[in-house]
Amino acid sequence: MSLVVVGSMAFDAIETPFGKSDKIVGGAATYIAWCASNFTPVKQISVVGGDFPQSELDALTARKVDLEGVQIKKDEKSFFWSGRYHMDMNTRDTLVTELNVLGTFEPVVPESYQDCEFLMLGNLAPAVQLSVLDQLKNKPKLTVLDTMNFWMDIALDDLKKVLARTDVLMVNDSEARQLSGDFSLVRAAKTIMAMGPKYLIIKKGEHGALLFHENKVFCAPALPLEEVFDPTGAGDTFAGGFIGHIAKTKDLSFENMKTAIIVGSAMASYCVEKFGTERLREIGNDAIHERLEEFVQLANFDIALV
């Protein structure tokens, strides 16, 4: 049984108040794979151009990331995004978006991926996500979906079809409000879960994350960091930690989902410390356990109820 990850593999160029990168490797599926492969082998579905470095593909293969589902279009260019972050690091301006190979991407699910037990649908056009769902012969035990306001604006009908086949939806607070049409996140969660997802995770950046399931709510903290160097990919890294932990433990209980959110938050807290995937390449089990222990201490308290 396996974890299948669907998403973009791309180039980013990033400006933050603390530095600037030239063209570096990014993309939702890249971040998810670098993160989730700490916990479980990954099978990747994506598309790149002939300009995508073979060394990057080799580095992922060395991490037990199966790239059979990654299409390489040698005569075309990889997806490219450039952005500039504001001082608060929560808002950014998109400077350049070049879809390139992503604009005509038609995913193909290899036969060896049909054992998919856990499916992570990274942020892509809902039609692409639907295509992957349609090609799987068996329904995964858990399907996790990441999406964004752009798809709510231009492809809402397709997005609703994906939502009806999703178990866990990950969005940020503004996206949850847009999708539900409700400012209250509690009411928004009920509206969204009625669309299909059994679980809803609302990411709140430096303020942590909320997990909703039926009438239960869990609030996960974010680790207070002295410096956030580059928030690009933090949400995808969070998703990678979440689904990686679930795939490793194969436990779909609400309690384990809570743990998975903390694992995702811990991994994201590493991601933002350097540009791109650089920090994710440096950490191993010891660093992950150390950061998880910080989260335990962060939210641990005793209280005597009178």
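The values are calculated or read from the model by the stated rules, or taken from the named source; none is laboratory data. Computed from a predicted model, the values in this text were never measured in an experiment. With ideal geometry, Cβ positions are generated from the backbone for all residues, glycine too; neighbour counts draw on all protein chains shown.
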Looking across region 128-140 at residues that are farther than 25 Å from T104 by Cβ and not polar (S, T, N, Q), the single one that is surrounded by the most Cβ atoms within 10 Å (Cβ to Cβ) is P140
By residue number, the members of region 72-107 that are in contact (Cβ under 8 Å) with a residue 60 or more places away in the chain and within 27 Å of D134 (Cα to Cα) are S78, F79, L102, P107
L280: passes all of (1) assigned to a loop (DSSP other than H, G, I, E, B); (2) in contact with a helix residue (DSSP H, G or I) (Cβ under 7 Å, 6 or more places away or on another chain); (3) modelled with pLDDT of 95 or more but (1)
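Per-residue answers, yes or no, for (1) closer than 20 Å to V296 by Cα; (2) surrounded by 23 or more Cβ atoms within 10 Å (Cβ to Cβ); (3) in contact with a Phe, Trp or Tyr (Cβ under 8 Å, 6 or more places away or on another chain):
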residue	(1), (2), (3)
D173	no, no, no
L185	no, no, no
P197	no, yes, no
E206	yes, no, no
F212	no, yes, yes
V217	yes, no, no
A222	yes, no, no
E227	no, no, yes
Counting only residues in region 229-239 that are at pLDDT 95 or above and touching a Phe, Trp or Tyr at 6+ places or on another chain (Cβ under 6 Å), the one surrounded by the fewest Cβ atoms within 10 Å (Cβ to Cβ) is identified as T237
Taking region 200-219 and keeping residues within 15 Å of the chain's Cα centre (by Cα), part of a strand (DSSP E or B) and of a type outside the set (A, V, I, L, M) leaves K203
Considering region 265-276, residues that are in a helix (DSSP H, G or I) and either of a type in the set (S, T, N, Q) or touching a residue at least 60 places away in the same chain (Cβ under 8 Å) (or both), and then whichever is surrounded by the fewest Cβ atoms within 10 Å (Cβ to Cβ), we arrive at S269
Within region 141-158, the residues that are surrounded by 24 or more Cβ atoms within 10 Å (Cβ to Cβ), under 9 Å from Q129 (Cβ atoms) and free of Cβ contacts under 8 Å to residues at least 40 places away in the same chain are T147
Note on I14: of the conditions (1) crowded, with 22+ Cβ neighbours inside 10 Å; (2) in a loop (DSSP other than H, G, I, E, B), unmet is (2)
Considering region 145-184, residues that are of a type in the set (A, V, I, L, M) and within 15 Å of the chain's Cα centre (by Cα), and then whichever is farthest from A234 (Cα to Cα), we arrive at V168
Going through region 150-173 in order, the residues found to be under 14 Å from L124 (Cα atoms) and β-branched (V, I, T) are I154, V162, V171
inquiry  = Taking the criterion of being β-branched (V, I, T) and farther than 24 Å from S131 by Cα, would at least one residue in region 169-190 satisfy it?
reply    = yes
